[in-house]
């Protein structure tokens, strides 16, 4: 369990340490005192809850509490369905790319925890995106999801670099729940 000092919380909240002490002493910010001392400690989950309740930005904690998901697809209906499903869950932040080139740029700037690649953009292009991400050490821990078309063809797909696959059409809420499990094992999603 990660804990913060009042000074660390003050930095995160961009306020004076005394303000954090007042929040703590009034009971608005939960935590504990170190026995035999006046020092206060605020557990991470209490700080996040406090920040959310008071509409304050999460600052540096955002990377720890939000899972970043990059959707690589051209199908606007699919994109809108996923956006709608992810908006219900407050633990995710989304970005969309419509091509392999765009996906590469987005991956470098957005630093996603997960990439959902729709193989309908082209089997080779989607495979190249997945393979490139797996080869890059910076993205070695990324969760890769493949969405395969249900077009009746018997084409085989290389699934070796993917963590999970879904055949379209699929239940978006199932995908979100699966992501919560896969990413939640690496990050502390709230």
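Every number here is computed from the coordinates shown, using simple stated rules; none is lab data. These numbers come from a predicted model, not from an experiment. FYI the Cβ positions are ideal-geometry reconstructions off the backbone, even for glycines, and counts take in every protein chain you see.
Seen through its C-alpha gyration tensor, with square-root eigenvalues sorted a ≥ b ≥ c, segment 77-136 comes out oblate because a/c lies at 1.5 or above while a/b is not bigger than b/c.
Rounded to the nearest 5, what is the percent of antiparallel bridges among the DSSP beta bridges in the chain?
Given both bridge residues lie in the chain, the antiparallel proportion sits at roughly 20 percent.
Along each principal axis, taking the top coordinate minus the bottom one, the Cα set of segment 87-174 gives 36, 32, 21 Å in descending order.
Between residue 111 and residue 38, what is the FRET efficiency for a Förster distance of 35 Å, r being their Cβ-Cβ separation, to the nearest 0.05?
On the way: r = 39 Å, r/R0 = 1.12.
Once rounded, the FRET efficiency stands at 0.35.
Subtracting the Cα-Cα distance of residue 134 and residue 170 from 0.36 nm times their residue separation leaves 10.5 nm of extension gain.
Hey, what angle do you get for helix 44-53 against the long axis of the chain, alpha-carbon based, 0 to 90 degrees rounded to 10? Tilt relative to the chain: about 90 degrees.
Return a whole-number percent for the relative contact order of the chain, with Cα pairs under 8 Å and 6 or more residues apart as the contact set.
On the way: 267 pairs, mean separation 32.4, N = 190.
Contact order relative to length: 17 percent.
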